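The values are calculated or read from the model by the stated rules, or taken from the named source; none is laboratory data. From a predicted model like this one, the values you see are computed outputs, not experimental measurements. Note that we place each Cβ from the backbone using ideal geometry, even for glycine, and neighbour counts take in every protein chain shown.
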Amino acid sequence: MPEYIVHGEDIMVKFTALESAKVTNGVTEKVTEKQDEVEQKILDILRKIPDMTYVGLSGKLNVSRKTVSQKIKQLKEKGVIVRVGSDKKGHWEVTDFDK
């Protein structure tokens, strides 16, 4: 049932979705799976090509550079990858913590 709220000369109608109409149950799992899939693909590429750039990763994975940047940040925070050397001349090392 809609709820009608009158405030001065304004009328607001509030609708509440039925439990059976909510679609969040399977959506969250699929989004999480996709995120994990992107992270795993990044790790696979960095194992083969440790000096791969963010732009190179975004091209290979068909995702934005920002997505790659966020995923790399998450992987670094988890201790799964480490940057060795400078940003320009360095390379990535994948640890065994991702297994």
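In the range 71-89, what count of residues is obtained for those that are assigned to a loop (DSSP other than H, G, I, E, B) and loosely packed, with under 13 Cβ neighbours inside 10 Å?
So the count comes out to 6.
Of all residues in the range 48-99, count the ones that are β-branched (Val, Ile, Thr) and under 14 Å from VAL38 (Cβ atoms).
6
Based on this model, can you work out whether LYS48 counts as at pLDDT 85 or above, closer than 19 Å to VAL94 by Cβ and surrounded by 11 or more Cβ atoms within 10 Å (Cβ to Cβ)?
no
Okay, residues lined up against (1) under 16 Å from the mean Cα position of the chain (by Cα); (2) of a type in the set (Val, Ile, Thr); (3) surrounded by 14 or more Cβ atoms within 10 Å (Cβ to Cβ); (4) at pLDDT below 90:
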| position | (1), (2), (3), (4) |
| --- | --- |
| THR24 | no, yes, no, yes |
| LYS30 | yes, no, no, yes |
| GLU33 | yes, no, no, yes |
| GLN40 | yes, no, no, no |
| LEU43 | yes, no, yes, no |
| TYR54 | yes, no, yes, no |
| SER64 | yes, no, no, no |
| SER69 | yes, no, no, no |
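Which of the residues spanning the range 36-70 are among the small types (Gly, Ala, Ser), in contact (Cβ under 8 Å) with a residue 12 or more places away in the chain and outside any helix (DSSP H, G or I)?
Result: no residue meets the conditions.
For the range 90-99, what are the residues that are under 13 Å from ASP44 (Cα atoms) and loosely packed, with under 15 Cβ neighbours inside 10 Å?
GLU93, THR95, ASP96, ASP98, LYS99
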